[in-house]
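Worksheet: the structure to be examined is printed underneath.
The values are calculated or read from the model by the stated rules, or taken from the named source; none is laboratory data. Predicted, not measured: the structure shown is a model, and the values here were computed from it. Each accessible area value is taken on the protein alone, full model and side chains, heavy atoms only, with ligands, DNA and RNA left out. Shrake-Rupley method; radii C 1.70, N 1.55, O 1.52, S 1.80 Å.
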Amino acid sequence: NVGVYAPNGGVDPYMANNYNNQYFTLNSGTFALGVNSASVCNGFSVILTATGALSYTWTGGSNASSIIVSPSVSTNYTVTGSNGSCNISTVSTVSVVNLPTLSAQSQTICNGSATLTASGASSYSWSTGSTASTAIVSPSITSNYTVTGYNGSCSSSTLVTVSVTSSL
C-alpha cells in the first residue's frame, strides 16, 4: 500500500480521498494519475481515458490507457496507473441516463385541428416547431409528425399520424 505524500513529505489524508486525481510526491518527482468520468445514454458506449502513468490496469484486466464501456446501470471503473515501482488507483464513474420512453397517439379528424400530446420525457421538440409536450396541427390531408423527447442529452423519437377523412 502506497501512502499519499504531501509536498512537505508528510502523509496528506485529504488527498487520499481525491478519486479523480491522486498525486504522489516521490524522490524522483511528482506522479499524477487522472481519469475522466462521464454520463452516457443507456445502450450507448463511452471512452474512459487515464493519463499520467507509464502503464495502466483497469477493472476487467485491460492494460490500455483507454477503454470503451457500455454499462446498463451507473458503474464505477477502477484504473491503476504505474510509474515503475509506484502504483496509484483512482475511480471513474459512468452515470447511465435512461432514454425517454415516448408515448404519443395518432389521431383521425374530419377537418379542423388536432392536439397531439406526448409524454415520457423531460422536454420535447416537434417537427412543427413546438417545444411543448403538445402540438396543435391543422392538416388538410393525412400527415405525419415527429416528436423527439429528451432526458438530458439522451433522446428518442416517435412518429404520430393525423389521418384526415372526408366529411359526409
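Some notes on this structure:
- Just the protein heavy atoms count here, and of the accessible area of the stretch 38-98 at 1.4 Å, carbon and sulfur take up 53 percent.
- If you take the alpha carbon atoms of the stretch 59-168 and fit the smallest convex hull around them, that volume is 117 Å³ per residue.
- Segment Thr142-Ser95, extension gain: residue separation times 0.36 nm, minus the distance between their alpha carbons: 12.7 nm
- Per-bin percent of Cα-Cα distances, the stretch 48-103 [5 Å]: 4, 18, 28, 19, 10, 8, 5, 4, 3, 1, 1, 0
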